[in-house]
Amino acid sequence: MKIDSSYTEQVGKILFDKVIQYKPEFICDIGVLNGFSTYYLTKAAKIVNAKVFAVDLFEDYEFNKITILDFKQNMKNLNVLNNIEVIKSDYEIFLNETEIIFDFIHFDVSNDGEKIINLINSIPNKPKILFEGGSIDRDNQDWMIKYNKQKIIETLNENKISFDVLFETKYKKNGREFYPCISEICW
């Protein structure tokens, strides 16, 4: 089964490999959409005996096209649902209310600089954080400009937060260009 995503298989491998490398106990996948990232994180989590929490607004997010039931069905079809706790919530509310201290977070919620800073301010520790975005092309994506979103690179630099771009690509779909990439915060 193929999961529709702006990410590529290379990003799935990066997510998988980073979990294997860091051996976290608690993984939080924020912004799961169809489950691409959740699937790769959970495959690796099974190996290192970690727990995965999938947090999303699902059908309550105006730009989302998947329901929580569809997401769960995708994960069930891929034989990973039993290893995931699915939470329908705003990530800031969830992180502020949970007692779990996550040591690995993947963050992909139409990211911009402000959202990444909000994430960092919502957590009490310094976990491994991988996030969608971080390249110049991604910062100049059409929707970032249209909605006047804070550029990730500028915002992180202003806040003295270092990061590495692990992978970036570009593709065209329906007449638009996309620049998905994945980066990691360097504490």
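Structure summary
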item	result
Lys126 being part of a helix (DSSP H, G or I) and out of contact with any Ser or Thr (no Cβ under 7 Å at 6 or more places or on another chain)	no
Segment 88-110: number of residues that are surrounded by fewer than 21 Cβ atoms within 10 Å (Cβ to Cβ) and either of a type outside the set (Ser, Thr, Tyr) or assigned to a helix (DSSP H, G or I) (or both)	11
Considering residues of segment 118-153 that are of a type in the set (Lys, Arg) and in contact (Cβ under 8 Å) with a residue 60 or more places away in the chain only, the residue surrounded by the fewest Cβ atoms within 10 Å (Cβ to Cβ)	Lys126
Answer residue from segment 160-187, given it is surrounded by 13 or more Cβ atoms within 10 Å (Cβ to Cβ) and among the polar types (S, T, N, Q) and is farthest from Gly31 (Cα to Cα) among those	Thr169
Residue pairs meeting the criteria (Cβ under 6 Å; at least 6 apart or on separate chains; first closer than 15 Å to Asp139 by Cα, in segment 154-177; second in a strand (DSSP E or B) and small (Gly, Ala, Ser))	Phe163/Ser183; Val165/Ser183
Verdict on Tyr40 being of a type in the set (Phe, Trp, Tyr), within 20 Å of Glu132 (Cα to Cα) and out of contact with any Phe, Trp or Tyr (no Cβ under 6 Å at 6 or more places or on another chain)	no
Criterion: at pLDDT 95 or above and not aromatic (Phe, Trp, Tyr) - qualifying residue of Asp56, Asp60	Asp56
Segment 161-187, subset polar (S, T, N, Q) and farther than 11 Å from Gly134 by Cα, residue farthest from the chain's Cα centre (by Cα)	Asn174
Flag if Lys115 is out of contact with any helix residue (DSSP H, G or I) (no Cβ under 7 Å at 6 or more places or on another chain), over 23 Å from Lys43 (Cβ atoms), basic (Lys, Arg) and without any contact (Cβ under 8 Å) to a residue 60 or more places away in the chain	yes
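Rundown of residues vs (1) closer than 18 Å to Lys115 by Cβ; (2) among the hydrophobic types (A, V, I, L, M, F, W, C); (3) modelled with pLDDT of 95 or more; (4) out of contact with any Ser or Thr (no Cβ under 9 Å at 6 or more places or on another chain), yes/no style:
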residue: Gly31; (1), (2), (3), (4): yes, no, yes, no
residue: Asn49; (1), (2), (3), (4): no, no, yes, yes
residue: Asn82; (1), (2), (3), (4): no, no, yes, yes
residue: Ile100; (1), (2), (3), (4): no, yes, yes, yes
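The values are calculated or read from the model by the stated rules, or taken from the named source; none is laboratory data. All values reported here derive from a predicted model rather than from experimental measurement. Note that each Cβ is placed from the backbone with ideal geometry, even for glycine, and that neighbours are counted across all protein chains shown.
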